[in-house]
Amino acid sequence: MQKVISTLLSVIATSVFTLVGYSDKTDSDTKTLFVFNNVQVEKTPKTTTTIATVTVPSSALCPQWWQLAFSVGWIQSELPKLDEVMWRESRCKPSAFNAGDPNGGSHGLMQINRFWCKPSKYSKLGFLQDAKILNNCEELHEPKIALKSALEIFNYSLKANGDGWNPWKT
C-alpha cells in the first residue's frame, strides 16, 4: 500500500501542475506561488519607491520646483529662501540666461555663474565638474542639475563662509 501511494505521489509530482496560491494583485504583498515538477516558483510583486513629499505654502513663488529641490537634497527649512532666490534670479524659468554677468554669464533657475563650471586656478575642470554634477555650463538649464549645483555651491559657501546663501547676495 505504501509503495502504491509513493508511486502515485511521484506521478502526480512529475506530471501535474499544482497551484498553491494565486493573486492577480501584483502591486500588493500577495505573491503568486506554484509548484511544477518539484520546483517552487514565486512571482514577486512590483515594488514602488516612495519619496517624502514637502508641504508647499500657498505663498510660494516657484511651487513647481519645491519637490524636485527636496528630492535632490535641499532640506525643508531652506526651501522658502531657495524659493525667493529662484524667483529673484530667474522668475522660476530654467531657460533664464544673463549674458551680462561676469565670467560668461549666469544660467538657469538659480542663475549660477559660469565661474562654477569652468576651469580655474581652483579647479582643473570646474567646481561642478569636479563634484560630478555636470559636464558643461549649459546643463544648468536642466532644473534637476541646477538645483543639485546650487546645493553643492550652497554647502561649499556654508563651510567656507558660514553662510550658504552668500553666492546669491545682492
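The values are calculated or read from the model by the stated rules, or taken from the named source; none is laboratory data. From a predicted model like this one, the values you see are computed outputs, not experimental measurements. Because the Cβ atoms are built from the backbone with ideal geometry, glycine has one as well, and the counts that use them run over all protein chains shown.
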Taking region 130-166 only, how many residues are part of a helix (DSSP H, G or I) and within 16 Å of Leu79 (Cβ to Cβ)?
10
Scan of region 140-162 for residues that are among the charged types (D, E, K, R) and surrounded by fewer than 18 Cβ atoms within 10 Å (Cβ to Cβ), ordered by number
Glu142, Lys144, Lys159
Which of the residues belonging to region 95-117 are under 15 Å from Ala150 (Cα atoms) and charged (D, E, K, R)?
Arg114
Looking only at region 84-129, and only at residues there that are touching a His at 6+ places or on another chain (Cβ under 9 Å) and assigned to a strand (DSSP E or B), the one that is surrounded by the fewest Cβ atoms within 10 Å (Cβ to Cβ):
Asn98
Pairs, first farther than 21 Å from Ala99 by Cβ in region 122-142, second among the polar types (S, T, N, Q) and buried (at least 21 other Cβ atoms within 10 Å of the Cβ), C-beta under 6 Å, six or more apart
Ile133/Ser149
Can you name every residue in region 69-86 that is in contact (Cβ under 8 Å) with a residue 40 or more places away in the chain, touching a Phe, Trp or Tyr at 6+ places or on another chain (Cβ under 9 Å) and not charged (D, E, K, R)?
Trp74, Leu82, Val85
Output the number of the condition that Glu78 fails; it satisfies all remaining conditions of (1) in contact with a Gly (Cβ under 8 Å, 6 or more places away or on another chain); (2) modelled with pLDDT under 95.
(2)
In region 78-129, the residues that are among the basic types (Lys, Arg) and closer than 18 Å to Asp163 by Cα
Lys81
